[in-house]
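The values are calculated or read from the model by the stated rules, or taken from the named source; none is laboratory data. Just so we're clear, the structure is a prediction, and the values are computed from it rather than from any experiment. Counting neighbours? That spans all protein chains shown, and the Cβs are built from the backbone with ideal geometry, glycine included. Please note that ligands, DNA and RNA were not included when accessible areas were found on the heavy atoms of the full protein model with its side chains. Shrake-Rupley method; radii C 1.70, N 1.55, O 1.52, S 1.80 Å.
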Amino acid sequence: MGLFVVSVTSSARADDTTNFGAPRTVMVSVERVSPLVVLEADRTGRGRIDESRTLVGTLGETPTAPPAERLPRLALDYGIGGNWTVGGSMHIAHVWGKQGQTPETRAALGDDFGIAPRIGRVLRMGKTAVFWPRVGASYDALRTETGTEARLEGTVEGAFGFFPAHDVALTLTTALDMGLASSAPASPASTGRFLVTVGLTTALPDPRDGDVRDDSATSSRSDAPTVAPARALARAGRATISADRLMPLFDYAKPDGADAVVTSGTTHAFTRDRALFPRFAADVTMSRGLTFGTSFAFSLTPWENVQTYAYPQGGRLQPGPRANQDLHAFSIGVEPRVGVVRALSDNVAIWIRGGLTYEASGVLQQGYRAPTTTPAGTTLSADTYDGKAAHRLNLSADPELCVYVTSGFGVTVGPVLDVTLFAHGNDPTGYPHGLPAGGVLHLGAVAGALLSF
């Protein structure tokens with residue numbers, strides 16, 4: 001991940017936007033890397049559960065396990081002519097280790113695999129943007145200690161691509177997922193989900209097309225770069241905007257008083273601590289490659305949930321009490337940092353960064369009614385929580401390898417380290433990551449992107 005765009009060749013005229021959608025063009029994308037808005041409504045049938053939830057933010061999740069359909073994906077598409085494309089996306093994750101002692105918790109460890117074939121068409125929107133609508137289906141299989149759950153969904157997507165460089169686009173994608181079938185009766189067999197996410201994509205033209213650049217057009221350009229991009233990154237006065245930790249590749253997490261969990265792959269399917277959620281940063285290069293900057297991340301979860309519980313009656317499940325739960329959460333993370341950058345070649349640099357990350361979270365949960373099942377049926381007991389808050393201070397380090405695709409635009413990949421120095425507060429509501437209670441050690445590897453000017 002992250003380094004795939006090294007192979008990009010600029011084979012179109014300088015005044016063209018992109019090769020997107022051209023015949024024999026391969027498009028490589030990293031999709032759904034960061035959710036901005038998620039609206040969901042799940043239903044399994046027979047009155048067992050009927051719930052809806054909402055997420056707004058750039059690093060957070062709803063208080064339930066995230067469905068695989070809104071986890072990061074790697075995609076390949078191929079231009080077949082007439083600006084039509086065929087292709088698909090996939091995600092994969094593997095988790096091993098221990099996480100708790102109860103069977104329900106241990107069952108969270110396993111493997112998750114998904115594949116989503118699709119067909120689309122690229123519509124150009126001037127010289128700096130394209131609109132790429134797509135339609136397809138997605139299949140996801142989650143294997144745990146208790147068995148395998150498979151789900152099939154139909155998907156409609158509309159991706160907007162904005163080009164900071166030729167043939168490389170930052171994407172804003174709206175998607176609608178509609179559940180078709182599920183092998184697990186206790187999981188949503190019918191799901192409605194609307195998402196807005198961000199990602200990154202690039203076009204790799206067919207090398208048989210040759211170099212068709214218009215030399216007369218390029219030779220007259222006065223803004224041609226005179227300094228190699230990686231070496232320019234180390235120059236004083238250089239400003240850089242980056243999206244860090246977009247793609248988690250590996251994560252070792254050891255919370256205080258809990259068992260360690262090791263995750264490989266592109267998802268947060270099982271471990272969702274905020275240390276590896278996306279951050280957006282701005283840095284300035286001073287003299288001798290010294291950099292100063294700040295990274296920032298936030299999430300806002302106006303989570304309003306309605307559930308219908310069921311209980312056995314006459315050998316069949318009958319609709320039971322309804323539970324209304326309103327949970328509103330806000331999290332913010334700020335990391336002042338310093339670093340040093342050194343060019344390894346014209347297009348590759350090493351950037352060693354570190355700082356202190358302050359995290360603050362608040363949760364307000366009201367109107368919760370917990371279901372209790374007895375031989376006489378299912379009832380609801382009253383239980384209400386007021387607002388809670390927590391704080392955490394982490395020591396963070398990010399030594400990143402920066403690979404420039406073109407002047408001013410590059411991708412990053414490298415290890416990360418987060419160690420908790422101070423933590424205060426707890427989370428009696430069970431919100432999995434809204435409150436950073438206790439300390440945690442994270443050691444992992446991630447990929448991201450940057451723009452420098």
If you go through region 416-437, how many residues are at pLDDT 70 or above and not in a strand (DSSP E or B)?
1
Just to check your reading of the model, which residue among Val411, Val440, Val446 is at pLDDT 80 or above, open to solvent by 10 Å² or more (accessible area, probe 1.4 Å) and among the hydrophobic types (A, V, I, L, M, F, W, C)?
Val440
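Table: residues versus (1) at pLDDT 85 or above; (2) farther than 28 Å from Tyr78 by Cα; (3) not in a loop (DSSP other than H, G, I, E, B).
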position: Pro225; (1), (2), (3): no, yes, no
position: Ala243; (1), (2), (3): yes, no, yes
position: Leu246; (1), (2), (3): no, no, yes
position: Asp259; (1), (2), (3): no, yes, no
position: Val262; (1), (2), (3): no, yes, yes
position: Thr267; (1), (2), (3): no, no, no
position: Thr271; (1), (2), (3): no, yes, no
position: Phe298; (1), (2), (3): no, yes, yes
State which residue is farthest from the chain's Cα centre (by Cα) when the search covers only region 123-145 and only residues that are surrounded by fewer than 18 Cβ atoms within 10 Å (Cβ to Cβ) and farther than 23 Å from Pro23 by Cα.
Glu145
Of all residues in region 146-186, how many are part of a loop (DSSP other than H, G, I, E, B) and open to solvent by 60 Å² or more (accessible area, probe 1.4 Å)?
4
Give the number of residues within region 239-268 that are closer than 19 Å to Leu421 by Cα and either under 11 Å from the mean Cα position of the chain (by Cα) or of a type in the set (Lys, Arg) (or both).
1
Any idea which of Arg231, Arg208, Arg221 is assigned to a helix (DSSP H, G or I), at pLDDT below 85 and open to solvent by 60 Å² or more (accessible area, probe 1.4 Å)?
Arg208
First in region 385-410 and in a strand (DSSP E or B), second anywhere and aromatic (Phe, Trp, Tyr), Cβ under 6 Å, 6 or more apart
Leu393/Tyr358; Leu393/Phe422; Glu400/Trp351; Cys402/Trp351; Gly410/Tyr404
Residues (part of a strand (DSSP E or B) and either farther than 19 Å from Thr266 by Cα or at pLDDT below 90 (or both)) located in region 88-113:
His91, Ile92, Ala93, His94, Val95, Trp96, Gly97, Gly110, Asp111, Asp112, Phe113
